[in-house]
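The structure appears right after this line, and notes come after that.
Since every read-out is calculated from the coordinates, none of them should be taken as a lab result. The structure displayed is predicted, hence computed values, not measured ones.
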């Protein structure tokens with residue numbers, strides 16, 4: 001097995017959900033970024049409990065586009 005093939009297998013073994021590449025966005029702004037998906041879900045739940053609604057989880061790349069347009 002080549003080194004490149006082995007590296008690709010290791011990279012795909014880790015779920016994208018476990019990588020710190022998720023953001024929580026609201027209607028107005030990016031509320032948090034650089035989170036794992038689980039951390040983003042927890043953050044979103046905490047914000048909703050505090051009365052912040054209209055939140056969703058997107059990739060950091062998408063959040064940067066949303067922030068640039070807002």
Subject >> Cα shape, region 31-70, gyration tensor, a/c 1.5 rule >> reply: oblate
Subject >> Potential lengthening between residue 17 and residue 39 on full extension [0.36 nm per residue; Cα-Cα distance subtracted] >> reply: 6.9 nm
